[in-house]
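Throughout, read-outs are computed from the coordinates displayed, never taken from laboratory work. These numbers come from a predicted model, not from an experiment. When we count neighbours, we look across all protein chains shown, and the Cβ atoms used for this are built from the backbone with ideal geometry, even at glycine.
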Amino acid sequence: MTGPLDGIRVLEIASWMFMPSAGTVLVDWGADVIKVEHPVTGDPQRGLITSGLLPGGAGGLNFMMEQPNRGKRSVAIDIANPEGREAFLRLVEQADVVITNYLPPVLEKLRIEVDDLRERNPKVIIARGSGQGPKGPDASKAAYDAAAFWARGGVGVTMPPTDGWPPGQPTPAFGDVMGGLAAAGAVAAALLKRERTGEPSIVDVSLLATAMWQIAPMVIASKLYGFDRIGSGGRGMSPNPGVGTYKTGDDRFLMMMLLQSDKHWADFVTRLGLPELATDERFCDATARAANTAECVARLDEAFASEPLSHWKEAFADFPGAWSPFQTLGELYEDPQVIANGYLPTMPGPDGAEVALVASPAQFDEAAITVERAPEHGEHTELALLDVGYEWDELATLKESGAIL
């Protein structure tokens, strides 16, 4: 099946995870994405294994390169070389979209700013990813997601502190992949606008803005109610004991989300083996539970701690209220919903074994995402340049000059 962006060509001049993850979402949606890399260094994320910062694992698979670059074509061009810059601009001429996370001084130095690109292709959509946004005193400041998203964007202070220290970012590229998803959606909207009006857009997405969007309710509430961060608080302070985390007898955890607690309370406590809590005047309705929340939470804690997670999975298997166990990363591979919906598509790894990658979350026409490996450094240089009019002898000259790999 073809994706909704079939026939759209995207030129990606980006590194690490943020905007490359936008590129791979566009691949999942059917676009042809050409990744432009320096002939010598390539995307620095390629070096995480050789630098020792990332274990080789599964037959040498660089999973931090595969996940945000699968399905793309790689063209190795030195844009700082005048002949390389011309080759890059030839690719721009046939592109629908250019996406980048290069800092403004770099774009200026390479002479590939908006006006430079639009001179060669007036209809090209340009999507820029940044740490702090395209305007203001820090528009050119370097950023990774741990700094611009987690720290500066306020996400970190929405998590309770540990031993007086703010919690560290829970996983690499935590904000990058969210920003990339936002950028991909914005590119799709810009393509629709251009189709309807003929006008190309400049799209800007920052990690700072993505973070604030992610925690928007708390950003608004902080101003209205006069708080700066989320406190740790006690578990017995929640006004609704039906919403919260509970520990099982085998030291696992589950999350209950009974926002309409009266609707589910009798069924909930019966499955817990506490049917008397349905009629106990201290706990029989939401108002009573809010007034006696510490005692209620203590009773629920005791009940959940009496049995292992496997027991509660069975007890709540057909419970109509919202709840879920805290799954380990390994358990995601066995989750029947993950399997049924194809959320972990596979591809052949370097040693021939099947390797699972994570699909971007949107599906079209009920079809699961399929994935192909990320390109080798500069794998498609010659073919891509032949497509835009170069001859083989010209490519040989470009190679000799160092303009291409």
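Taking amide H as placed 1.01 Å from N in the peptide plane, the amide H of residue 203 sits under 5 Å from that of 126, 127, 128, each at least 5 places away or on another chain. Each residue of the stretch 64-76 is assigned a 3J(HN,Hα), and the resulting list reads 6, 8, 5, 4, x, 10, 4, x, 8, 10, 10, 10, 9 Hz, derived from the Karplus form 6.51 cos²θ - 1.76 cosθ + 1.60 (θ = phi - 60°), x at Gly and Pro. Put simply, the C-alpha atoms of the stretch 283-327 give a gyration tensor, and the ellipsoid matching it has half-axes of 23, 14, 8 Å, longest first. Would you mind counting up the charge near residue 327? Only other residues with Cβ under 10 Å from its Cβ, with Lys and Arg at +1 and Asp and Glu at -1. Around residue 327, the surrounding residues sum to -2. Over the C-alpha trace of the stretch 235-332, radius of gyration and Dmax come out as 12.8, 43 angstrom.
In this structure, the pairs whose alpha-carbon distance is over 25 Å, taken from 35/109; 193/223; 141/223; 109/399; 109/193; 223/263, are 193/223; 141/223; 109/193; 223/263. Could you point to the residue in 404, 202, 274 farthest towards the positive end of the chain's charge dipole, with +1 and -1 charges on the Cβ of Lys/Arg and Asp/Glu respectively? Farthest towards the positive end: 202. Considering every Cα-Cα pair within the stretch 328-405, what fraction, in whole percent, is farther apart than 21 Å? Everything past 21 Å amounts to 52 percent.
The H on the amide N of residue 248, modeled in the peptide plane, is under 5 Å from the matching H of 253, 254, each at least 5 residues off or on a different chain.
Extents of the chain, largest first, come to 86, 50, 46 Å (Cα atoms, principal axes, whole angstrom).
Check the straight Cα-Cα distances from residue 247 and name the aspartates and glutamates below 13 Å, setting aside those fewer than 8 residues away within the same chain. Correct list for residue 247: 301, 302, 307.
3J(HN,Hα) along the stretch 254-262, derived from phi through the Karplus expression 6.51 cos²θ - 1.76 cosθ + 1.60 where θ = phi - 60°, amounts to 9, 10, 9, 10, 8, 4, 9, 5, 4 Hz, with x in place of Gly and Pro.
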